[in-house]
Amino acid sequence: MKIEIKNLHFNREEQIIFKDANLEFEEGFYLLKGKNGAGKTTLFNLITKKLKPNKGDIKIISENKIKNNIVYISQELVILEEVSIYDNVKFILGRNKTSETCKQIEEVLNVSRKQKFNSLSGGEKQIVHILINLKQEGNVFLVDEPFNNLSVGRKQIVKQIMEAVDTSDKIIILVDHLNIFGKSNEINIEDGKIYA
């Protein structure tokens, strides 16, 4: 599977965000970098079709003809505060993946699946949010700044979670300003272009 970006042009009012940008993402893990306002979130919105390019195209091509499911893991938590971790997992993932995901959350954070979500710290909530969303049925995962407002220890936990994901049939694109992953598979957005 791959994402093809061809001759992408996108303007926001008078500001040129992308000008004849071209790139291919194949299965694997990518770090998306660029200055504030360079177009990282805009690229995610173009991939998910929330925005339409002025010109050019973005295609998701899958050889196995399965429907392409895009999972956008934003900074905003989409979790029910007043219910347990277990009920949140079941609500988002369904019954099949609930036990396995809850076990992982308990091991990673040393919490109980019976705990109410609102009893967790901000960093714990963010990690649960990321873990649940990475278990969704998808083949393209767009992860928008998962390290914001996390302590150094929590950042390392998220790094380990991300590195453990099997990318043999997935594309994961992660926005990372903090260089936590180093420079492997780094993609930069600069001056309207996308560089590998």
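Round to the nearest 0.05 the FRET efficiency obtained for Asn11 and Lys159 when R0 = 25 Å and r is the Cβ-Cβ distance. Kindly include the intermediate steps, with their values, before the conclusion.
Numbers: r = 35 Å, r/R0 = 1.41.
Efficiency, from the Cβ-Cβ distance: 0.10.
Among Ile3, Gln115, Gly39, which residue has its Cα furthest toward the positive end of the charge dipole of the chain, with +1 on Lys/Arg Cβ and -1 on Asp/Glu Cβ?
Farthest towards the positive pole: Gln115.
What is the spin-label model distance, in nm, from Thr167 to Tyr195 if the labels are put 7 Å beyond Cα along the C-beta direction?
For Thr167 paired with Tyr195, the spin-label model returns 2.0 nm.
Can you compute the charge dipole magnitude of the range 57-196 about its Cα centre, using +1 on each Lys and Arg Cβ and -1 on each Asp and Glu Cβ, nothing else charged? Give it in debye, rounded to the nearest 20. Kindly include the intermediate steps, with their values, before the conclusion.
Values: 18 positive and 20 negative charges, 96 e Å.
It works out to roughly 460 debye.
Just to check I understand the Karplus step: with θ = phi - 60° and J = 6.51 cos²θ - 1.76 cosθ + 1.60, what whole-Hz values come out for the range 28-41, glycine and proline as x?
Computed from phi, the couplings for the range 28-41 are x, 10, 10, 9, 9, 10, x, 5, 4, x, 6, x, 5, 5 Hz.
If r is the Cβ-Cβ distance from Lys59 to Glu100 and R0 is 30 Å, what FRET efficiency results, to the nearest 0.05?
Numbers: r = 33 Å, r/R0 = 1.09.
Between Lys59 and Glu100 the formula returns 0.35.
Please list, in chain and number order, the residues 5+ apart from Gly28 or on another chain whose amide H is under 5 Å from its amide H, with Hs placed from the backbone.
Lys170, Ile171, Ile172
Would you kindly state how much longer the chain becomes between Lys52 and Asn185 on full extension, computed as 0.36 nm times their sequence separation minus their alpha carbon distance, in nm to one decimal?
Details: separation 133, 0.36 × 133 = 47.88 nm, distance 2.61 nm.
Once the chain is fully extended between Lys52 and Asn185, it gains 45.3 nm.
Under the 0.36 nm per residue contour assumption, what length would be gained going from the current alpha-carbon distance of Ser112 and Asn149 to full extension?
Details: separation 37, 0.36 × 37 = 13.32 nm, distance 2.31 nm.
Full extension from Ser112 to Asn149 adds 11.0 nm.
Run the reach check for Lys52 against aspartates and glutamates, Cα to Cα strictly under 14 Å, same-chain hits fewer than 8 apart removed. What comes back?
Straight-line reach from Lys52, under 14 Å: Glu13.
Report D for the chain in µm² per second (integer): Stokes-Einstein, Kirkwood Rh on Cα pairs, 20 °C, 1.002 mPa s.
On the way: Rh = 17.7 Å.
This corresponds to a translational diffusion coefficient of 121 µm²/s.
Using the number of other C-beta atoms within 10 angstrom as an exposure proxy, rank Tyr72, Tyr86 with the fewest first. Before the final figure, lay out the partial values.
Details: Tyr72 16, Tyr86 19.
Listing Tyr72, Tyr86 from fewest to most nearby Cβ atoms yields Tyr72, Tyr86.
Could you pull out every residue, at least 5 positions away or on a different chain, whose amide H is within less than 5 Å of the one on Ile187? Hs are placed 1.01 Å off N in the peptide plane, and Pro or chain starts have none.
The list, which skips near neighbours in sequence, is Leu31, Leu32, Lys33.
Gaussian network model of the chain, Cα springs within a sub-10 Å range: biggest mean-square fluctuation belongs to which of Asn96, Asn54, Asn133?
Result: Asn96 has the largest fluctuation of those listed.
Any of Lys103/Lys125; Lys40/Lys193; Lys49/Lys97; Lys2/Lys90 with alpha carbons more than 20 Å apart? Name them for me.
Working: Lys103/Lys125 16 Å; Lys40/Lys193 11 Å; Lys49/Lys97 28 Å; Lys2/Lys90 30 Å.
With Cα atoms farther than 20 Å apart: Lys49/Lys97; Lys2/Lys90.
Convert each backbone phi in the range 160-165 into a coupling constant with the Karplus relation 6.51 cos²θ - 1.76 cosθ + 1.60 (shift: θ = phi - 60°), then list the ³J(HN,Hα) values in order as whole Hz, x for Gly and Pro.
Ordered by residue, 3J(HN,Hα) equals 4, 4, 5, 5, 7, 6 Hz.
Bear in mind that the values in this text are calculations on the coordinates, not laboratory data. Everything quoted here is computed from the prediction, not taken from an experiment. Here Cβ is always computed from backbone atoms with ideal geometry, including for glycine, and neighbour counts include all displayed protein chains.
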